[in-house]
Structures are given as C-alpha cells and as structure tokens.
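K.L.:
Before we start, here is the structure in question, set down as structure tokens.
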Amino acid sequence: MQEYIYPIGGMIELKALFNAKAAEHLYESKLSAGQKLTEQPDGRILLEATVRDDVQLHWWLKGFGEKVEVVGPKGLRQEYVEIAQGMCRSYTTEP
C-alpha cells in the first residue's frame, strides 16, 4: 500500500503540551526518533519533536481537541488559536 503525504511545509520543530492521559501513547509510539517528553509542573507533558508539517499531522493534533496546546512553531500555534476562536464563536450562539 502506498502512503500519500500531503505536505504543508517542510520539517518543523513541534512543541505541544498534552494532558497526561492523552500523552500516554507518546512514550511507546514516538513521532520521531529524537522525540523528547518532559513532565511540566502542572502535570501536562511537553512533547518536542522534529516532524514533517503535513495534513496528517494537523488532523492528528486536531483529534486531541482541548487535550493538547500547540506551543510551536508560532505559525502552527496561530492556526490552532484561530480554530479555537472560530469554534468558540460557533458554540456561544444558539443555532
């Protein structure tokens, strides 16, 4: 089976904060060989990994909803800020 990759950009240094439960799988299923996981004082787990900026990565992150906060890179974080703001607008008014 051929894998299709729909690139958005090149390789990026992803930094994302996951709640502890959502991060459990990252200890066994690494995103990249040099992935680093660091527990934060608030109990969240900081993921740092060099990954390809592609559609699959964006869908994967979106799947975690409020259980992940994209910290960097700045452009990717801004994308998720805009998504969250748009969702807030959608859910603060009655249909």
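K.L.:
I'd like the Karplus ³J(HN,Hα) series for the range 12-19: coefficients 6.51, -1.76, 1.60, θ = phi - 60°, whole numbers in Hz, and an x wherever there's a Gly or Pro.
P.N.:
10, 9, 7, 10, 8, 9, 10, 5
K.L.:
Can you give the FRET efficiency to the nearest 0.05 for VAL51 and SER90, using r as the Cβ-Cβ distance and R₀ = 25 Å?
P.N.:
0.30
K.L.:
At most 11 other C-beta atoms within 10 Å and a DSSP loop state: those are the exposed GluC sites (Glu not before Pro) I care about. Give me the longest piece of the chain that has none. All intermediate terms of the calculation are to be shown ahead of the outcome.
P.N.:
Numbers: sites that count: GLU3, GLU28.
That gives 29-95 as the longest site-free run.
K.L.:
Percentage of Cα-Cα pair distances in the range 7-91 greater than 20 Å, rounded to whole percent?
P.N.:
Of all Cα-Cα distances in the range 7-91, 31 percent exceed 20 Å.
K.L.:
Can you work out the Karplus-derived ³J(HN,Hα) for every residue in the range 23-30? Use 6.51 cos²θ - 1.76 cosθ + 1.60 with θ = phi - 60°, whole Hz, and x for glycine or proline.
P.N.:
With the stated coefficients, the range 23-30 comes to 7, 3, 5, 5, 6, 9, 10, 6 Hz.
K.L.:
Still on this structure, please answer the following. Under the rule that an exposed site lies in a DSSP loop and has at most 16 other Cβ atoms within 10 Å, name the longest stretch of the chain with no chymotrypsin sites (Phe, Trp or Tyr not before Pro) of that kind, not counting the sites themselves.
P.N.:
5-63
Laboratory data are not the source of any read-out in this text; all were calculated from the coordinates shown. Keep in mind it's a predicted model, so treat the numbers as computed, not measured. Cβ sites come from the backbone with ideal geometry, for glycine too, and all protein chains shown count toward neighbours.
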